[in-house]
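Scroll down for the structure; my scribbles are underneath it.
What follows is calculated from the coordinates using simple rules that are stated; it is not laboratory data. Keep in mind the model is a prediction, meaning the values are calculated, not measured. Neighbour counts run over all protein chains shown; Cβ positions are idealised from the backbone, glycine included.
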Amino acid sequence: MSPTHYTWSPLRCTKCVDPDAQFVPEDSDCPDSLLCTKCLQHGHLPYITTSELRGHLTPGQVLGFHDGVMHVGTPQTDTDNQAPEGLTAYTRRVVELAESKVQRATWKPGKASHLLVLRSSGPHGPLGHITIGARSGKVLRAELAYGRSGGRREYAEGTNAVRALLAALPVTTCPPHCQAETPEACAGSNQR
């Protein structure tokens, strides 16, 4: 079973309704208490607890801190992202490995070949794709680039080489609004 993928966005305040409001940890003895950055400017008390915030979530949504700001994660639906028919058992294992290493994997089926597009949510994770033969159902090649600026690139030809490339890839956890200046700095704080 593949992990649930979330789309993350800053959690907005329901009291002041300011689009620039963000929830940050309150500097107090209560770890559950948060502070709205704009409530005082609008005449509201800025304090709220995470349990109160959870009451405003829809089923399936989760809370999490990214860069010191509370975000809400909404699960992505995979109904339109089904793997194409005819993949070999080994190819399915390579696909599962790829999905465990990146935050988003999207299928683009084709007549001659299928692409599994790989993306991380943040600016320092890998981008690329795996090409799979439509008739054979076998992994043909992969291409990965690291960082949005197109830094390091890696290529692999053949099923075993693609599997080795993916196995060496760290699990990507770079958040969407990562402020690290280099992939190495991000890797030190956001990769596991």
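Under a 5 Å amide H cut-off, with hydrogens placed 1.01 Å from N, residue 34 pairs with 26, 48, 49, 50 among residues at least 5 apart or on other chains.
The mean sequence separation of alpha-carbon pairs under 8 Å and at least six residues apart, normalised by the residue count of region 37-128, gives a relative contact order of 13 percent. Across region 134-144, rounded Karplus estimates of 3J(HN,Hα) from the backbone phi angles (6.51 cos²θ - 1.76 cosθ + 1.60, θ = phi - 60°) give 5, 7, 7, x, 9, 6, 9, 6, 9, 9, 10 Hz, Gly and Pro being marked x. Under Stokes-Einstein, with the Kirkwood radius over Cα pairs standing in for Rh, what whole-number D in µm²/s applies to region 6-75 at 25 °C and 0.890 mPa s? D, rounded to a whole number, is 201 µm²/s.
Under 5 Å from the amide H of residue 7 lie the amide H atoms of 74, 76, each residue being 5 or more positions distant or on a separate chain, with H modelled from the backbone and absent for Pro and chain starts. Between residue 30 and residue 57, the contour length at 0.36 nm per residue exceeds the Cα-Cα span by 7.6 nm. At full extension, residue 45 and residue 167 could sit 39.0 nm farther apart than now, given 0.36 nm per residue minus the alpha carbon distance. Computed from backbone phi with θ = phi - 60° and the Karplus coefficients 6.51, -1.76 and 1.60, the 3J(HN,Hα) list for region 40-55 is 4, 5, 9, x, 10, 5, x, 8, 8, 9, 5, 5, 5, 5, 4, x Hz; x is used for glycine and proline. Spin-label model, residue 90 to residue 115: label points 7 Å out along the Cα-to-beta-carbon direction sit 2.5 nm apart. In this rough spin-label picture, where each label sits 7 Å from Cα along the Cβ direction, the residue 143-residue 37 distance is 3.8 nm. Placing pseudo-labels 7 Å out from each Cα toward the beta carbon at residue 20 and residue 69 gives an inter-label distance of 1.2 nm. Between residue 153 and residue 7, the FRET efficiency estimated from the beta carbon spacing at R0 = 35 angstrom works out to 0.85.
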